[in-house]
Ligand code: G3I
């Protein structure tokens, strides 16, 4: 196959990208995005600050722009993200305790309800674990509402849209030997054992000098999958853009049947949250395919 999406589809997987609503008027951007990818994540437009700027007043203008572009072009959509310590609107940042807990529940109901039946998978909870050696939760206003906030978020999302897969999504959980990875693994195992509705784990997979790709990545994917959840690589980018590392990531996903697909976090290097100097994506700023692109395509095509 000659595009990333079609090549991934040969094994029943998808290949996606993050899309920014503000770039949908850029035809160089949309031409590549439409040709190469068959899954879309809104880079910012379905987040809490974008969708509920004032408490109880939802705004889906830009989220719907991304959603409609995707679906009109035959792509599926991952929803990102419902409960997160970051990109909270000011009104939510100032809440705590039971009123924050209720606001989280109301937010999930409002957003998941709006997109009911339309989303392949939701990143229900994003980045709730701490970096470093603790293996524990990150401190946040949501965490301070009680340790059960994550499972409440998942139960709320399941009730609001039983058709969507529900994911826990985080960064620095790619390396199997890291405490953060083990902390998330233990949470997912606990959720599965107690019947908390979780269907997938999102490995963001932002690789850089401080958190490089490690060959135990395949063990991480296999270990989560063995708990009975899908694994989705949700925000892949590799600082420096190593073609070899990109191929390793793809081959590790292809080696695990429950690794459902891969999303890169942007189209061209100039679209990356890291800036174009990081050279972290598959297309350069002029829209040319990089060596990493060819390496990913070849891997998806089986060698
Ligand atoms: O849209 C405003 C613009 O009006 C304003 O003039 C400008 C001034 O700073 O800011 C613009 O908003 C920025 C937005 O990106 C859109 O470009 C925000 O400041 C900026 O904080 C925001 O960054 C996003 C970041 O999440 C915020 O946490 C990145 O685009 C987005 O790629 C990044 O994505 C996250 C995932 O959601 C979660 N995992 C990590 C990943 C990378 O940080």
(1) touching a residue at least 40 places away in the same chain (Cβ under 8 Å); (2) farther than 16 Å from residue 3 by Cβ; (3) over 19 Å from the mean Cα position of the chain (by Cα): which one isn't true of residue 299, the others all being true? (2)
By residue number, the members of region 218-243 that are part of a helix (DSSP H, G or I), surrounded by fewer than 23 Cβ atoms within 10 Å (Cβ to Cβ) and in contact with a helix residue (DSSP H, G or I) (Cβ under 7 Å, 6 or more places away or on another chain) are 218, 223, 243
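In this structure, does residue 34 turn out to be away from the ligand (no atom under 16 Å from the Cβ) and closer than 18 Å to residue 264 by Cβ?
The answer is yes for residue 34.
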Let me confirm something: among 33, 8, 42, which residue is crowded, with 22+ Cβ neighbours inside 10 Å, over 16 Å from residue 72 (Cα atoms) and in contact with a strand residue (DSSP E or B) (Cβ under 7 Å, 6 or more places away or on another chain)? 8
Condition met for residue 15 (surrounded by 14 or more Cβ atoms within 10 Å (Cβ to Cβ), closer than 24 Å to residue 274 by Cα and modelled with pLDDT of 95 or more): yes
Residues (under 23 Å from residue 22 (Cβ atoms) and within 16 Å of the ligand (Cβ to nearest atom)) located in region 68-91: 77, 78, 79, 80, 81, 82, 84, 86, 87, 88, 89, 90
Within the set of pairs 6+ apart or on separate chains, which have a first residue in region 194-215 that is closer than 18 Å to residue 242 by Cβ and assigned to a loop (DSSP other than H, G, I, E, B), a second that is at pLDDT 95 or above and within 12 Å of the ligand (Cβ to nearest atom), and C-beta atoms under 7 Å apart? 204/169; 204/170; 204/171; 204/234; 204/235; 205/235; 205/236; 211/172
Selection within region 261-301 - buried (at least 24 other Cβ atoms within 10 Å of the Cβ), within 14 Å of the ligand (Cβ to nearest atom) and assigned to a loop (DSSP other than H, G, I, E, B): 266, 267, 280, 281
Report yes if residue 177 is within 16 Å of the ligand (Cβ to nearest atom), closer than 17 Å to residue 130 by Cβ and out of contact with any strand residue (DSSP E or B) (no Cβ under 8 Å at 6 or more places or on another chain), otherwise no. no
Hey, among the residues in region 18-30 that are touching a helix residue (DSSP H, G or I) at 6+ places or on another chain (Cβ under 6 Å) and under 11 Å from residue 42 (Cα atoms), which one's surrounded by the most Cβ atoms within 10 Å (Cβ to Cβ)? 19
Looking at residue 123, is it touching a strand residue (DSSP E or B) at 6+ places or on another chain (Cβ under 6 Å) and either buried (at least 22 other Cβ atoms within 10 Å of the Cβ) or more than 24 Å from residue 238 (Cα to Cα) (or both)? yes
Return a yes/no flag: does region 27-46 have any residue that is free of Cβ contacts under 8 Å to residues at least 24 places away in the same chain and closer than 26 Å to residue 9 by Cβ. yes
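The values are calculated or read from the model by the stated rules, or taken from the named source; none is laboratory data. What you are looking at is a predicted structure, and each value in this text was computed from that prediction instead of being measured. Ideal geometry is used to build each Cβ from the backbone, glycine not excepted, and the neighbour counts take in all protein chains shown.
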